[in-house]
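Engineer: What follows is a structure written as structure tokens; I'll ask about it next.
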Amino acid sequence: MVFGFNADSVYIEKNIIKKNEILGNILAQNGLATNLILLLEHEARNVFNIRNIQAGKKYHVIKKHECDYQPIAIVYEPDKTKYVVYNFMDSVHVKLVEKDVVTTTEVAAGKIESSLWNALDKKGVDPQIIDLMEEALSSSVDFYHVRKGDEFKLIYESKYVDKEYVGMGRLIAASYKTPQGEFYSMLYKTKDKEGYFDAEGRPAKKAFLKAPVKFSRISSSYNLRRFHPIKQQTMPHLGTDYAAPYGTEIRAVADGVVTAASYTSGNGNFVKIKHDKVYETQYLHMSKFAKGVKPGTPVKQGQTIGYVGSTGLATGPHVCFRFWKNGKQINHLNTKLPSAEPMNVAELPQFFKYRDEIVSKLNQIRPEDTDIYSAPAQDYVIKP
């Protein structure tokens, strides 16, 4: 069975969506009448709109016989985990089918020779795991300055469809060894939330991220007497500029609620977020807002709220990041910010039991290991 059809009884023609090609044209080229195409678009609107197809994606024309002019179905694959069947054999039907995703728990270990990316690539580990490593170990490891000789060990999830890798799952646990010592972090669910904790039960997640853009550089610091490059006069710069390429994701530095998502001639496209009664942040010069970001929208730490641009008074692509404490703009880089809420003391004994199990598993991993653990992935996160 292929896409719900008996492969021995039908002819399946494989294709790729070309640039500027639309499904309506594909259907017309395959002999479907205009009224049938309009009916199909109507039936598909709440399943998968035929206007949302993308160049480079796979589609399949299914016919009863190779020589038939008109197909009985068109199948579109928006990604590796699902497909859409536009069926017009009897009447028009549209169905979105989720493929079976198999999650395996895998391990990896390695030593840094040139970069963390290269070390992971050498082991065949998806480099996207770097983002999860940064989240898990950010309180103890500076991933902007990894050194040759640093060592890592990982327990993580990989997802497969029909034995083909389709993406990362969760990072279950990690250790990272530097000349300063070995640091551990593990995913754990308390009664209130799930997150990463170090070996002492301290949360890895800080209350505020260091910067709203990953792997960027400070191009202009908070300065009360900066010479403005466009206005050509000395005036206070009450934010910190982070230079990054156009389109780079801008992240909310902490949980909060969007209070403004607007445009002014100076700020360009900007978003402002209220985090609590004390702290607010603002992100300027965006090329565009992230989908759904508007006043009243709750956002999570690390969530994409917009994209780097140069709108407003900006000489190049960057985000001007502004930080308020009790209504006054401050330099966040030299301000002691609150720590993340610690784990409840009453939960520590159960956590320490889980920690010992995880640390034992991490310590058993050798640099040459690429084994897959047989235990179900969900067993690696203890729930009270």
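The values are calculated or read from the model by the stated rules, or taken from the named source; none is laboratory data. Computed from a prediction, not measured in an experiment: that's the story for all the values here. Ideal geometry is used to build each Cβ from the backbone, glycine not excepted, and the neighbour counts take in all protein chains shown. The protein model used for the area step is the full one, side chains on, heavy atoms only, and it has no ligands, DNA or RNA in it. Shrake-Rupley method; radii C 1.70, N 1.55, O 1.52, S 1.80 Å.
Engineer: Go through Val61, Val97 for me and flag whichever is in contact with a strand residue (DSSP E or B) (Cβ under 9 Å, 6 or more places away or on another chain) and closer than 26 Å to Asn20 by Cβ.
Structural biologist: It is Val61.
Engineer: Here's something else I'd like to know. Filter the stretch 322-345 for residues that are part of a helix (DSSP H, G or I) and within 22 Å of His285 (Cβ to Cβ) and give the result. Please lay out each step first, then the result.
Structural biologist: Let us first name the residues in the stretch 322-345 that are part of a helix (DSSP H, G or I), namely 332-334, 345.
Within the stretch 322-345, His332, Leu333 qualify.
Engineer: Being open to solvent by 50 Å² or more (accessible area, probe 1.4 Å) and either over 19 Å from the mean Cα position of the chain (by Cα) or touching a residue at least 40 places away in the same chain (Cβ under 8 Å) (or both) is the filter here, so list the residues in the stretch 288-297 that pass it.
Structural biologist: Correct list: Lys294, Pro295, Gly296.
Engineer: Another one. For the list (1) outside any strand (DSSP E or B); (2) surrounded by fewer than 17 Cβ atoms within 10 Å (Cβ to Cβ), I need the number of the one condition that Val166 fails.
Structural biologist: The one condition Val166 does not meet is (1).
Engineer: Condition (residue is on the phi < 0 side of the Ramachandran plot, in contact with a Pro (Cβ under 7 Å, 6 or more places away or on another chain), open to solvent by 20 Å² or more (accessible area, probe 1.4 Å) and not in a helix (DSSP H, G or I)) applied to the stretch 125-135: is it met by at least one residue?
Structural biologist: No, because not a single residue in the stretch 125-135 is on the phi < 0 side of the Ramachandran plot, in contact with a Pro (Cβ under 7 Å, 6 or more places away or on another chain), open to solvent by 20 Å² or more (accessible area, probe 1.4 Å) and not in a helix (DSSP H, G or I).
Engineer: Working only within the stretch 179-223, note down all residues that are at pLDDT 90 or above, of a type in the set (Ser, Thr, Tyr) and either open to solvent by less than 30 Å² (accessible area, probe 1.4 Å) or assigned to a loop (DSSP other than H, G, I, E, B) (or both).
Structural biologist: Across the stretch 179-223, the qualifying residues are Ser185, Tyr188, Tyr196.
Engineer: Something else: Among the residues of the stretch 285-304 satisfying the criterion of being among the hydroxyl-bearing types (Ser, Thr, Tyr) and in a strand (DSSP E or B), which is farthest from Gly195 (Cα to Cα)?
Structural biologist: Among residues in the stretch 285-304 that are among the hydroxyl-bearing types (Ser, Thr, Tyr) and in a strand (DSSP E or B), the one farthest from Gly195 (Cα to Cα) is Ser287.
Engineer: Take the residues in the stretch 298-329 that are β-branched (Val, Ile, Thr) and open to solvent by less than 30 Å² (accessible area, probe 1.4 Å), then tell me which one is farthest from Val253 (Cα to Cα).
Structural biologist: So, considering only residues that are β-branched (Val, Ile, Thr) and open to solvent by less than 30 Å² (accessible area, probe 1.4 Å), the one farthest from Val253 (Cα to Cα) is Val308.
Engineer: Which pairs do you get when a residue that is aromatic (Phe, Trp, Tyr), found in the stretch 49-68, comes within reach of a residue that is loosely packed, with under 15 Cβ neighbours inside 10 Å and part of a strand (DSSP E or B), reach meaning Cβ atoms under 9 angstrom, with the pair 6+ apart or on two chains?
Structural biologist: These pairs meet every condition: Tyr59/Lys14; Tyr59/Asn15; Tyr59/Ile16.
Engineer: Shifting gears a bit: Looking at the stretch 86-110, which of its residues are buried (at least 19 other Cβ atoms within 10 Å of the Cβ), closer than 27 Å to Lys64 by Cβ and of a type outside the set (S, T, N, Q)?
Structural biologist: Tyr86, Phe88, Val94, listed by residue number.
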